[in-house]
């Protein structure tokens, strides 16, 4: 065995050991039941969307939000058109969103855009109970907000959700993403939640209270500083 093969084997074993604990989550996901929800509270929810040159898809997302089975008077949609060179803001407004425009080529990234949007909402509107962060190319199932509100009503500060690829059948890359999202939801976050542990949170499909949202967006700002233009 050559030196290079030994190094490759050592790296492989190191990664295996780092991730092997996740095998424990598989039987947890299969056999441990979810705890029952508390009686849900009809929270006032602000949907936050940071969008840059998303005119082709953002209307579909807003329409899916407006088609929710959750009470429409409890949901407001806010879009920050961030450094856009297309009609993202106009399209979002035409579909019923409250739109703010941001042009800042120094502080670039989703975290900065969301923090800006949060400050605008704080200045112009009464506080909301929850802030739901979505990406402009998402589409929601009709009961999405109802379901995420059930878990938020259980007292969590941050709630994440299951998501999947819209085009999972197109090619092996999209299929791989779909399998990854399924694994993350059922065999990672789902199992952790059943065990009373914390879940992994990423940049879309999550709901927070005001204090947690401010902290979360600041962490995204730090990531954006390290890698400008990164899409989460």
**Q.** Surface/4 of the Cα convex hull for segment 78-155, nm²
**A.** 6.3
Q) What value, in deg cm²/dmol to 500, does the helix sum -39500 (n - 2.57) over DSSP H runs of n ≥ 4 give at 222 nm once divided by the residues of the chain? A) -12500 deg cm²/dmol
Q.
Only Cα pairs within less than 10 Å get springs; with that Gaussian network setup on the chain, which residue of 106, 85, 208 has the largest fluctuation?
A. 106
Q | Calculated P(r) of segment 4-93 - Cα pairs past 23 Å, % | A | 60
Q: Estimate the FRET efficiency between residue 172 and residue 101 by the formula 1/(1 + (r/R0)^6), using the beta-carbon distance for r and 30 Å for R0, to the nearest 0.05.
A: 0.20
Q: Can you tell me the 0 to 90 degree angle between the C-alpha axis of helix 110-124 and the longest principal axis of the chain, rounded to 10?
A: 30
Q. For the chain, what relative contact order do you get, as a whole percent, if you take Cα pairs closer than 8 Å and at least 6 residues apart?
A. 26
(Q) Given Cα positions, please report Rg to Rh for segment 26-158, the hydrodynamic radius being the Kirkwood one. (A) 1.02
Q. Where both partners of a DSSP beta bridge lie in the chain, what percent of those bridges are antiparallel, to the nearest 5?
A. 25
Q. What residue among 198, 20, 141 has the largest mean-square fluctuation in a Gaussian network model of the chain, using Cα springs under 10 Å?
A. 20
Q: Calculate how steeply helix 172-182 sits against the longest principal axis of the alpha-carbon atoms of the chain, using the helix alpha-carbon long axis, and give the answer as 0 to 90 degrees to the nearest 10.
A: 90
Q: With springs connecting C-alpha atoms under 10 Å apart, model the chain as a Gaussian network and identify which of 195, 17, 117 has the largest mean-square fluctuation.
A: 17
**Q.** Kirkwood-type radius of segment 115-180, with distances r between different C-alpha atoms, in Å
**A.** 14.5
Q.
If you average the alpha carbon positions of segment 1-55 and of segment 102-144, how far apart do those two centres end up, in angstrom?
A. 24
Q. Based on the Cβ-Cβ distance from residue 164 to residue 32, what FRET efficiency comes out when R0 is 25 Å, to the nearest 0.05?
A. 0.65
Q) Across segment 13-60, how large is the tail of the calculated P(r) beyond 15 Å, expressed as a percent of all Cα pairs? A) 75
Q: Mind sorting 30, 172 by how few other Cβ atoms lie within 10 Å of their own Cβ, fewest first?
A: 172, 30
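Computed from the coordinates by the stated procedures, all read-outs in this text should not be read as laboratory data. Fair warning: this is a prediction, and the values are worked out from it, not measured in the lab. In this analysis, Cβ positions are derived from the backbone assuming ideal geometry, glycine residues included, and neighbour counts consider all displayed protein chains.
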